[in-house]
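Asker: Attaching a single structure in structure tokens format; questions to follow.
Bear in mind these aren't lab numbers, they're just calculated from the coordinates by the rules spelled out. Remember, predicted model here, so these are calculated numbers, not experimental data. Here Cβ is always computed from backbone atoms with ideal geometry, including for glycine, and neighbour counts include all displayed protein chains.
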Amino acid sequence: MNCKFDIQDLSVYWGNSQLLKRVCMKIPASQILGVIGPAGSGKTTFLRTLNRMNELEPGFKLEGRVLLDGEDIHGHGYDPVSLRKKAGMVFALPIALPMSIYENVVYGPRLAGIRNHDRLDELVEQSLKAAFMWNEVKDRLDMSGLRLSGGQQQRLCLARVLAMEPDVILLDEPCSGLDPISTAKIEEALTELKKRYTVVLVTNNTKQAARIADETAFFLMGELIEIGPTDRMFTAPAQSQTDDYITGRFG
Amino acid sequence: MRIHPRYTQRLAVTILGGATLLTLGVLAFIIVFVLQKGLPAVSIDFLLSNPQDMGRAGGIFTTLIGTIILPLLAIIVAAPLGVSTAVYLTEYTAETRITRMIRFGTDCLAGVPSIIFGLFGFIFFVTTLGMGWSILSGGLTLAFMILPTIIRTTEEAVKAVPKSYRQVSFSLGATRWQTVKRVILPNALPGILTGIMLGVGRSIGETAAVIFTAGSSLRLPSSILDSTRTMAVHFYILAREGISSENAYGTAATLIIAVLLINLTAYWMMNRFIAKRS
């Protein structure tokens, strides 16, 4: 099994509170890792550590190591900008930037300095297709992204990440505000995408993890309680807390 | 005694509406009064011929030039400086005691009477730097005078851009500067423009700071080291020295129309920009 992220003894602090407690795990490549746990369990903090988004706000402190393809992403001289191009992120709220659909998708590539129009057109078509929305918007790429529905905006966000041609896609509860049909479309896209990308999916919806994740990790109060193949996690969890959470006895 | 909500509601509407009516009424009265007294003097000839005999006769052409060039110079200097400062303070520095002190300082500066800026400009630009009474001295003084306003309005406009836009931009591999250039400035532009227009308005109408620094020469300036006279100063001198009340009101009417035109153009440009983006 090819290992994408290797997380070693990771602790994250914000001010005086410890948000993650000595987390160790390996994230395999070309799979979907589902991350579940109740609110405040550190899932989002964990996800945002993987592309160093936490440090944009003052007060975060970190111990331990996170290796991406064997390289320490917090190491001296590791550029957070290039990390974020490699590990793209989709947020919980669909946020289209106030520009056209086309410009939303090519935002990342343009930042990376791609100017060639044919290349940009190609990226737009390819990314929107992969996000299962090309047919819906191909005739109105000039329309403002803000005028799309929530579900469409979220798929636009996914397409925007794909256009950067990343290695890893990090999703932070991407379907929390979406209707079942939009959710199904995103899940369909992710199942397709894991062939080429490593996907880390934080979700509040345990059923979603059960449906599409290959491996599932369960967080509780900043600790990684358990990680394993989804089938086993949902049928025979090793920890009683996992069992309690999955069966809905708390959280 | 408790008054029935129906009456307090009526009372509120009457008071609020009355205040609005009164404000607008006074404004309208001033404008109509000035236009009525001034417009008869205004003609193409009045606008395009030079003042003669201290402004007793002739037109206001040279003061028109002065009114265009001084605020223009002020904006050219103050807008980039002010916008850069505001972006730096909001985007590049964390909110600390020092930034709060700077913000408080700018607020205080915005409230300093313009004659203080005039005095400063006279001592610093005119005398110490030896620029004399000139367009350069006057423009720089006006720039300093409107800088605090531009900084504060830009700061507010930049802060009003949703935080989530910044997050998305960073997550897509943007540097801070790329985020500022591609997301923050375009979205803050209407607010920034409002601040700049306020600055333009203030410098067009300014007299005290201008008399001290740009002088009041009626000759057509041939370089920015020449003295000049703006319409506001011209109006002040004509009225105060009792030279010609007819030409004074003519100048005032032209000034009002000019400010109106500038504001209309600015809003038209802004709306076009917004329409193009959405």
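Asker: Can you tell me the 0 to 90 degree angle between the C-alpha axis of helix A:117-130 and the longest principal axis of chain A, rounded to 10?
Answerer: Roughly 50 degrees, rounded to the nearest 10.
Asker: Roughly speaking, what is the stretch gain from B:K181 to B:R219, that is 0.36 nm per residue apart minus the C-alpha to C-alpha distance, in nm to one decimal?
Answerer: Result: 9.4 nm gained on full extension.
Asker: For a quick check: with amide H placed at 1.01 Å from N, whose amide H comes under 5 Å from A:C3's, ignoring anything fewer than 5 positions away on the same chain?
Answerer: A:A29
Asker: I need the phi-derived Karplus couplings for region A:13-29: 6.51 cos²θ - 1.76 cosθ + 1.60, θ = phi - 60°, integer Hz, Gly and Pro marked x.
Answerer: Values per residue, Gly and Pro as x: 10, 10, x, 9, 9, 9, 8, 10, 10, 6, 7, 10, 6, 10, 10, x, 6 Hz.
Asker: In straight Cα distance, which aspartates and glutamates are under 14 Å from A:K21, not counting same-chain residues fewer than 8 positions off?
Answerer: Partners found: A:D9, A:E63, A:E223, A:E226.
Asker: Sticking with this structure for a sec: Would you list, by chain and number, the lysines whose Cα falls below 30 Å from the Cα of A:K129, excluding same-chain residues fewer than 8 positions away?
Answerer: Candidates past the 8-residue exclusion: A:K4, A:K43, A:K85, A:K86, A:K138, A:K185, A:K194, A:K195, A:K207, B:K163, B:K181, B:K276.
Asker: Then there's this: Which far-off residues, 5 or more places away or on another chain, put their amide H under 5 Å from the one on A:F219, with H placed in the peptide plane?
Answerer: Result for A:F219 returns A:I36, A:G37, A:I225.
Asker: Which Cα, out of B:S244, B:T90, B:A143, lies furthest along the positive dipole direction of chain B (beta carbon charges, K/R +1, D/E -1)?
Answerer: Positive-most Cα among the choices belongs to B:T90.
Asker: Let me ask something additional. With the dipole of chain A worked out from charges on the C-beta (+1 for Lys and Arg, -1 for Asp and Glu) around the Cα centre, which of A:M99, A:L171, A:L20 lies farthest toward the positive end?
Answerer: A:M99
Asker: Using only atoms on other chains, find how many Cβ atoms lie within 10 Å of each Cβ of peptide A:91-104 and report the average.
Answerer: 3
Asker: Show that you can apply the helix-only estimate: for chain B, add -39,500 (n - 2.57) for every DSSP H stretch of four or more residues, divide by all residues, and state [θ] at 222 nm to the nearest 500.
Answerer: -23500 deg cm²/dmol
Asker: Name the most mobile residue of A:A92, A:A184, A:A131, meaning the one with the largest mean-square fluctuation, in a Gaussian network model of chain A with Cα contacts below 10 Å.
Answerer: Evaluated over chain A, the most mobile residue of the options is A:A184.
Asker: Still on this structure, please answer the following. Could you work out [θ]222 nm for chain A from helices alone, using -39500 (n - 2.57) per DSSP H run of at least four and dividing by all its residues? Round to the nearest 500 deg cm²/dmol.
Answerer: So the calculated ellipticity at 222 nm is -9500 deg cm²/dmol.
Asker: Using only the alpha carbon atoms of the protein assembly as shown, find the Kirkwood hydrodynamic radius as the inverse mean reciprocal pair distance, in angstroms to one decimal.
Answerer: About 27.8 Å, per the Kirkwood formula over Cα pairs.
Asker: Rg to Rh for region A:1-154: what is it, with Cα atoms only and Rh by Kirkwood?
Answerer: 1.01
Asker: Okay, next question. Charges at C-beta only: +1 for Lys and Arg, -1 for Asp and Glu. How large is the resulting dipole of chain A about its Cα centre, in Debye rounded to 20?
Answerer: The calculated dipole for chain A is roughly 160 debye.
Asker: If you don't mind, there's one more thing I want to ask. From the C-alpha gyration tensor of region A:97-211, pull out the three semi-axes of the equivalent ellipsoid (sqrt of 5λ each), sorted largest to smallest, in whole Å.
Answerer: 23, 16, 12
Asker: Okay, next question. Nearest 20 debye, what's the magnitude of the dipole of chain B about its Cα centre given +1 on Lys and Arg Cβ and -1 on Asp and Glu Cβ?
Answerer: That gives chain B a dipole magnitude of about 1260 debye.
Asker: Now for a different question. What ³J(HN,Hα) values, in whole Hz, does the Karplus curve 6.51 cos²θ - 1.76 cosθ + 1.60 give for region B:116-133 when θ = phi - 60°, with x put for Gly and Pro?
Answerer: Ordered by residue, 3J(HN,Hα) equals 5, 4, x, 5, 4, x, 5, 5, 7, 6, 5, 8, 4, 7, x, 7, x, 6 Hz.
Asker: Now a separate question. Cα centroids of region A:47-80 and region B:1-15: how far apart, whole angstrom?
Answerer: Their Cα centres are 60 Å away from one another.
Asker: What residue among A:E57, A:E223, A:E103 has the largest mean-square fluctuation in a Gaussian network model of chain A, using Cα springs under 10 Å?
Answerer: A:E57
Asker: Once both axes come from the Cα atoms, what is the angle between helix B:231-240 and the longest principal axis of chain B, in degrees from 0 to 90, rounded to 10?
Answerer: The angle comes out near 50 degrees.
Asker: Restricting to bridges with both residues inside chain A, how much of the DSSP beta-bridge set is antiparallel, in percent to the nearest 5?
Answerer: The antiparallel fraction comes to roughly 60 percent.
Asker: Whose amide H sits under 5 Å from the amide H of A:M89, counting only residues 5 or more places off or on another chain, with H placed in the peptide plane?
Answerer: The list, which skips near neighbours in sequence, is A:L170.
Asker: Using the reciprocal of the averaged 1/r over all distinct C-alpha pairs, how large is the Kirkwood radius of chain B in Å?
Answerer: For chain B, inverting the mean 1/r across all distinct Cα pairs yields 21.3 Å.
Asker: May I pose another question? When the Karplus curve 6.51 cos²θ - 1.76 cosθ + 1.60 is applied with θ = phi - 60°, which whole-Hz ³J(HN,Hα) does each residue of region B:182-197 get, with x for Gly and Pro?
Answerer: Coupling constants for region B:182-197: 8, 10, 6, 4, x, 7, 8, 3, x, x, 4, 4, 4, x, 5, 5 Hz.
Asker: About the Cα centre of region A:5-135, what is the dipole size in debye to 20, counting +1 per Lys and Arg Cβ and -1 per Asp and Glu Cβ, all else neutral?
Answerer: I would put it at about 300 debye.
Asker: Tilt of helix B:97-110 relative to the longest C-alpha principal axis of chain B, in degrees (0 to 90, nearest 10)?
Answerer: 30 degrees
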